[in-house]
Amino acid sequence: MSSSSALLRVPKQWGIRNTLCKPSQFTSSRQVSTSVSIRIPASQVLAKRPVQVRLFSTTVEVHLKPAARLEELRRVGLTPYPRYQPPPIPLAPIRDLVAQYQDTTENGTKDLTKKFSINARIYSKRESSSKLIWFDLIQDGHAIQAVFNRKSYSGSNEEFEIAAKNFNRGDFVQLSGHVGKTKTGQLSVFITDGFELLAPCLHHIPTRSGLKDPEKRFRNRHLDFLVNREGLENLRKRSQVIKFIRHYLDSRQFLEVETPILSTQAGGANAKPFVTHANALDMEMHMRVAPELFLKQLVIGGADRVYELGKQFRNEGIDADHNPEFTTCEFYQAYANLDSLFEMTEDMLQEMAKSVTGSSTVPYKISNEETVNLSFKKPFRKINIMETLEEKLETPLPDLDNEPIAELLRLCKDNKVFVSAPHTVPRIMDKLISTFIEPECTQPTFLWGHPLIMSPLAKDIKLDSGRTVAGRFELFVAGKEIVNAYEELNDPVQQKERFTKQQTDKENGDEEAQPMDQAFCTALEYGLPPTAGWGMGVDRVCQILTGSSHIRDVLAFPTMRTQKPSPTIVKE
């Protein structure tokens, strides 16, 4: 029966004034135990506690509004928000009880030699009778069942009835009892005493099937975590990734540092910055797009190995792989080159995959129809960008140093590749690479041999073929760029020339081009040793290791567009 045609027939003694209500007239949504959702005005509910209503063959629970629920709790003698007191019986985490008893307890038995106390949230409530109630408890991602049986509870009949009728799904409780298994083998705490309310839940918590819409999930993240438990599991794996990176670099004598998030200009990456105003200084400031220039100044200052794990901010679009606020790890190592970085990258990711997932092979859903096993076993595949592009386009690329924009656009047109303005060589080349090469990078793949014009902070390398390219590589996995690495340019004259070229692109409309940073060029004049630099997109790595298709799934609170208010209807 659909909710649009259902009628609610209620006896007068049940405390609801209207005996016949259409769902279209109801004002506050309530979820039904099968597939019907109804609405009942709070003003029509006269009962002093939640009541069970039969909607033809369906049971509907009518919840009180928050103020009414608090009033009812106080009426029956419960303090809704008591000061926390440790229980007299020792507390035990649910995870420890599961580890201790799950595999050692026989069905239908209890450990009567010990009692434990638990603090947890009620995840669900099931009534077998007025004297036997089953609660599912959840604590820090671990679950256990609680059996509330009048026969084994040491409290009074009144205490039992108050808890049975007033403790609902979502409430935080403290309870004590013996651990054992039911006859069906369900590990449980059999409540004997000390069943107390710690904090009530004043709103209806939807079922898992009732909270699938991404807009609702990510605008109400606290509710999403309550209902969709894999969300918290993603955050736990994210924490493991970050801990692993720190341990890996710390064990190799890298120094973790913090660099400014606010500065007078944002450099270190081709990206549009967020701009703000410092009132105390009366000047415009930028949020950083990368920590690179600061970290290299630390190397100049004598810190041979430095890294930073932190937030970057780029004023760009939001999609499955981009969020304006995101986390990176960047490290800089003196007296190293690309070969060193190739080896470290392979080693780090292979060990990370094993540490976080238990295997160097990770399943990942590429599309709704296709799941692949990503192998992080060394060595990774390598693709030379310029050579591969010429093979794909079936023609040699022009000399990029001569700004062959017209020729490159003609190549794009011939191959049906659209490039949005402004048209600069770096933007066009980036589009060609993303169209013809990146889609082939499902398994971990290094792209190297970038055109020098695309890498203003990288040292130039002359290949055996005679072509000069940037000392740079990118690592792609499942079509996502997760690592960008360089042999750092340490010639201050060349660096100033490249900044000047970037400034020209910026003036021609490329908002992502890097600005001239005279202070950094001056710092280079004091001497930067041969240095290798490396940056990882931590959020994207977490996506891959958790099997998440969207970056928002691995962020505690992703950036969301402001909700537009509903239009106001004016009656004439």
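The values are calculated or read from the model by the stated rules, or taken from the named source; none is laboratory data. No experiment lies behind these values; they were computed from the predicted model shown. Positions of Cβ are generated from backbone atoms using ideal geometry, with glycine treated the same way; all protein chains shown enter the neighbour counts. Surface areas here come from the heavy atoms of the whole protein model, side chains and all, with no ligands, DNA or RNA. Shrake-Rupley method; radii C 1.70, N 1.55, O 1.52, S 1.80 Å.
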Test: D399 is surrounded by fewer than 16 Cβ atoms within 10 Å (Cβ to Cβ) and either at pLDDT 95 or above or among the charged types (D, E, K, R) (or both): yes
Criterion violated by K496 - all others in (1) crowded, with 20+ Cβ neighbours inside 10 Å; (2) touching a Cys at 6+ places or on another chain (Cβ under 6 Å) satisfied: (1)
D539 vs. criteria in a helix (DSSP H, G or I), of a type in the set (D, E, K, R) and open to solvent by less than 60 Å² (accessible area, probe 1.4 Å): yes
Any chance K151 is free of Cβ contacts under 8 Å to residues at least 24 places away in the same chain and open to solvent by 80 Å² or more (accessible area, probe 1.4 Å): yes
Residue match in the stretch 221-236 (condition: farther than 24 Å from I318 by Cβ and either among the aromatic types (F, W, Y) or modelled with pLDDT of 90 or more (or both)): yes
Elements of type strands (runs of 3 or more DSSP E) in the stretch 281-345, at least 2 residues being of a type in the set (V, I, T), buried (at least 17 other Cβ atoms within 10 Å of the Cβ) and touching a residue at least 12 places away in the same chain (Cβ under 8 Å): 325-334
Given (1) at pLDDT 95 or above; (2) in a strand (DSSP E or B); (3) surrounded by fewer than 16 Cβ atoms within 10 Å (Cβ to Cβ), number of the condition E158 does not satisfy: (2)
The listed residue being out of contact with any strand residue (DSSP E or B) (no Cβ under 9 Å at 6 or more places or on another chain) and surrounded by fewer than 19 Cβ atoms within 10 Å (Cβ to Cβ), out of S130, S124: S130
Matching entry among S434, S455 (being under 16 Å from D399 (Cα atoms), of a type in the set (G, A, S) and out of contact with any helix residue (DSSP H, G or I) (no Cβ under 8 Å at 6 or more places or on another chain)): S455
Among (1) surrounded by fewer than 21 Cβ atoms within 10 Å (Cβ to Cβ); (2) more than 23 Å from E403 (Cβ to Cβ); (3) among the polar types (S, T, N, Q) - the single one T531 does not satisfy: (1)
Single residue of V469, V419 found to be among the hydrophobic types (A, V, I, L, M, F, W, C) and closer than 28 Å to F342 by Cα: V469
Every residue from the stretch 80-126 that is in a strand (DSSP E or B) and within 19 Å of D193 (Cα to Cα): L91, K110, F116, S117, I118, N119, A120, R121, I122, K125
Whichever residue in the stretch 418-460 is open to solvent by 20 Å² or more (accessible area, probe 1.4 Å) and polar (S, T, N, Q) and, among such residues, is nearest to E512 (Cα to Cα): S420
Positions within the stretch 346-369 being of a type in the set (V, I, T) and either open to solvent by less than 10 Å² (accessible area, probe 1.4 Å) or at positive phi (or both), in sequence order: V362
Selection within the stretch 226-271 - among the polar types (S, T, N, Q), under 25 Å from G141 (Cα atoms) and in contact with an Asp or Glu (Cβ under 8 Å, 6 or more places away or on another chain): N234
Leading residue by the ranking (most open to solvent (accessible area, probe 1.4 Å)) among those in the stretch 164-178 that are farther than 10 Å from V76 by Cβ and not in a loop (DSSP other than H, G, I, E, B): F172
Condition met for Q139 (free of Cβ contacts under 8 Å to residues at least 60 places away in the same chain, of a type outside the set (K, R) and within 20 Å of P200 (Cβ to Cβ)): yes
Residue within the stretch 88-102 that is under 14 Å from S188 (Cα atoms), exposed (fewer than 13 other Cβ atoms within 10 Å of the Cβ), out of contact with any Lys or Arg (no Cβ under 9 Å at 6 or more places or on another chain) and of a type in the set (D, E) present: yes
Within the stretch 473-491, considering residues that are open to solvent by 20 Å² or more (accessible area, probe 1.4 Å) and touching a Gly at 6+ places or on another chain (Cβ under 9 Å), the one nearest to Q297 (Cα to Cα): N490
Selected residue (criterion: modelled with the lowest pLDDT) from residues of the stretch 51-79 that are open to solvent by 80 Å² or more (accessible area, probe 1.4 Å) and outside any strand (DSSP E or B): S57
